[in-house]
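Here's the structure, in structure tokens; my notes come after.
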Amino acid sequence: MQVTRSIPRKLSACRLIHNHHILRSSGPAGRTTSFGFRTVPEESKESLVKGVFDSVASKYDLMNDASSLGVHRLWKDSFVDTLKPGRKGPLRCIDVAGGTGDIALRILDHARENYADRETTVDIVDINAQMLKEGFMRFKKTMYHNTPQVSFHEANAQELTASQFKNDSYDLYTIAFGIRNCTSVPAVLSEAYRVLKPGATFACLEFSKVNNSLLSTLYDQYSFTVIPLLGTILAGDRNSYQYLVESIRKFPSQPDFAQMIRDAGFSTGGDFDGGAWTELWGGIASIHTGVKI
């Protein structure tokens, strides 16, 4: 199991939040972007998001369990079960903003347990070294440690090094709870399209918009009251978890994000639940997929 570093200077960075992850982008002078509910210069977002994940890395899993009552584990299980890695033979996968390794581990376990596949591989990519450290420690406790099936790469999701992450080289690209923290979502999608083989799948698990008004009200009350409080109690960091909650509200709606995926060149289903995306728990989270054509 190898760990590599591949981060071009002055380029962007993406990481997952909830879980996993962060991106940066040095845009033209004067351009701004959102950091939660704040508007900040594009060139500032990278360091701000990095600060969030440096702060929460060691308590990331604990806080995810507490803030979601463990439901994030069910969502991740559904995400990987939907993709069925290993069903059609071994895959070469890339999991971006995946530093803690929980999606990669599910991919490898699913392929092994359901299809006796021990040849599927996952390259775990994250901009944040602290999150990668947590993932590396997780994999040291598994059968995949020191095998060719998993590798860790500190790299920039918006500008993956072409010599290392080659064109048309992966069968599956996953990103879970990370893309909303990126400065430029289109840049991430463009890189995903570049590194995937024709016919390969892009899959994103991300928080989304709740359309039921009652559920939306209850969810907002829980998110803005309970989650920052848990951040204070369990991690000593209210501000980081306040940002995570705010970043969810700033992410595009399901139809808007589906259109962004199509704009990057992917083919998707129709703009409805069960088409371009599948909603989980009333739209609190959604699974988006696209196929490179």
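The values are calculated or read from the model by the stated rules, or taken from the named source; none is laboratory data. All figures in this text were calculated on a predicted structure; none of them were measured in a lab. Using ideal geometry, Cβ is built from the backbone for each residue, glycine included, and neighbour counts are taken over all protein chains shown. Accessible surface areas use protein heavy atoms only, side chains included; no ligands, DNA or RNA. Shrake-Rupley method; radii C 1.70, N 1.55, O 1.52, S 1.80 Å.
Residue pairs whose Cβ atoms lie under 6 Å apart, separated by 6 or more positions or on different chains, with the first residue in the stretch 133-150 and under 16 Å from ALA97 (Cβ atoms) and the second among the polar types (S, T, N, Q) and buried (at least 20 other Cβ atoms within 10 Å of the Cβ), are GLU134/THR100; GLY135/THR100. Need the failing condition index for VAL80 against (1) surrounded by 21 or more Cβ atoms within 10 Å (Cβ to Cβ); (2) not in a helix (DSSP H, G or I), just the number. Going through the list (1) surrounded by 21 or more Cβ atoms within 10 Å (Cβ to Cβ); (2) not in a helix (DSSP H, G or I), VAL80 breaks only (2). Is it the case that the stretch 21-32 has a residue that's open to solvent by 60 Å² or more (accessible area, probe 1.4 Å), farther than 23 Å from ILE94 by Cβ, at pLDDT 75 or above and among the charged types (D, E, K, R)? Checking the stretch 21-32: at least one residue is open to solvent by 60 Å² or more (accessible area, probe 1.4 Å), farther than 23 Å from ILE94 by Cβ, at pLDDT 75 or above and among the charged types (D, E, K, R). Of all residues in the stretch 111-131, which are modelled with pLDDT of 95 or more and part of a helix (DSSP H, G or I)? Across the stretch 111-131, the qualifying residues are ALA111, ARG112, GLU113, ASN114, TYR115. Applying the condition of being within 17 Å of HIS110 (Cα to Cα) and among the hydrophobic types (A, V, I, L, M, F, W, C) to the stretch 127-146 and asking which residue is surrounded by the most Cβ atoms within 10 Å (Cβ to Cβ) yields PHE139. For the stretch 158-199, a tally of residues being assigned to a loop (DSSP other than H, G, I, E, B) and either farther than 17 Å from LYS292 by Cβ or free of Cβ contacts under 8 Å to residues at least 60 places away in the same chain (or both) returns 14. The set of residues in the stretch 174-190 being touching a Phe, Trp or Tyr at 6+ places or on another chain (Cβ under 8 Å) and of a type outside the set (A, V, I, L, M) consists of THR174, PHE177, ARG180. Once the stretch 171-227 is narrowed to residues that are open to solvent by 40 Å² or more (accessible area, probe 1.4 Å) and among the aliphatic types (A, V, I, L, M), the residue that is modelled with the lowest pLDDT is VAL226.
The residues listed here are ILE293, ILE233; of these, the one that is farther than 19 Å from ALA66 by Cβ and open to solvent by 20 Å² or more (accessible area, probe 1.4 Å) is ILE293.
Looking at this structure, is GLY282 touching a residue at least 40 places away in the same chain (Cβ under 8 Å), surrounded by 21 or more Cβ atoms within 10 Å (Cβ to Cβ) and part of a helix (DSSP H, G or I)? Against the criterion (touching a residue at least 40 places away in the same chain (Cβ under 8 Å), surrounded by 21 or more Cβ atoms within 10 Å (Cβ to Cβ) and part of a helix (DSSP H, G or I)), GLY282 does not qualify.
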